[in-house]
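The values are calculated or read from the model by the stated rules, or taken from the named source; none is laboratory data. These numbers were taken from a predicted model, which means no experiment stands behind them. Neighbour counts are summed over all protein chains in view; Cβ atoms, including those assigned to glycine, are modelled from backbone coordinates with ideal geometry. The area values use the complete protein model at the heavy-atom level, side chains included, leaving out ligands, DNA and RNA. Shrake-Rupley method; radii C 1.70, N 1.55, O 1.52, S 1.80 Å.
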Amino acid sequence: MKIQIINGPNLNLLGVREKSIYGDSSFEAYLEKLRGRYPAVEIEYYQSNVEGEIINKIHEVGFSFDGIILNAGAYTHTSIAIADAIAAIKAPVIEVHISNVYKREEFRHNSMLAANCMGVIAGFGMNSYRLAVESLLSE
Ligand code: DQA
């Protein structure tokens, strides 16, 4: 099984950025643990702060991978282009968020992407990614 994790803008700063909201682990450190937990699953990781690069990655893996776990960061709330990319591919996409976006500012309550995704997991810290892996595995 091949899963692609895609993190969007500012998520390269996990462990440094707003630790009270996003925790103090870097994504790379978390990824090592996640890969260790699922040795039989090929988990690829990509991060970009650029909307078009995220779209290119979705196109690149969207016809060959078994699933995509996407934390599009703030683009979640704005990007019709990423929503269209998700609709264009074959692989199921799970939208994830580290924080519980529904407990936060109102502009974070709306997702442009969710309707094109298999489901949404939000508010479980880094565990949101593991729960997304679990849901792809149980498909
Ligand atoms: C986020 C929530 C978004 O609203 C925010 O813009 C992020 C991170 C999360 O993982 O909680 O950058 O996607």
Problem set entry | Potential extension, residue 25-residue 64 segment - 0.36 nm per residue separation minus Cα distance | 11.0 nm
Exercise. Bin by bin, in steps of 5 Å, what percent of the Cα pairs in the chain do you find, going until the bin that has the longest distance?
Worked result: 2, 10, 22, 26, 22, 14, 4, 0
For this session: For residue 19, go through the lysines and keep the ones whose alpha-carbon is under 20 Å away, minus same-chain ones fewer than eight residues off.
Result: 33, 103
Exercise. What does the accessible area per residue of region 2-137 come to in Å², with a 1.4 Å probe and no ligands, DNA or RNA counted?
Worked result: 48
Problem set entry | Relative contact order of the chain, pairs being alpha-carbon contacts under 8 Å that are 6 or more residues apart, as % | 26
Problem set entry | Sequence-separation-based contact order of region 43-112, relative, with Cα cut under 8 Å and 6+ spacing, percent | 35
Exercise. Can you give the helix-only mean residue ellipticity at 222 nm for the chain, where every DSSP H stretch with n ≥ 4 adds -39500 (n - 2.57) and the sum goes over all residues, rounded to the nearest 500 deg cm²/dmol?
Worked result: -9500 deg cm²/dmol
Problem set entry | For residue 122, distant residues with modelled amide H under 5 Å away | 97
Exercise. Summing +1 for each Lys or Arg and -1 for each Asp or Glu, what net charge is found among the other residues whose Cβ lies under 13 Å from the Cβ of residue 39?
Worked result: +1
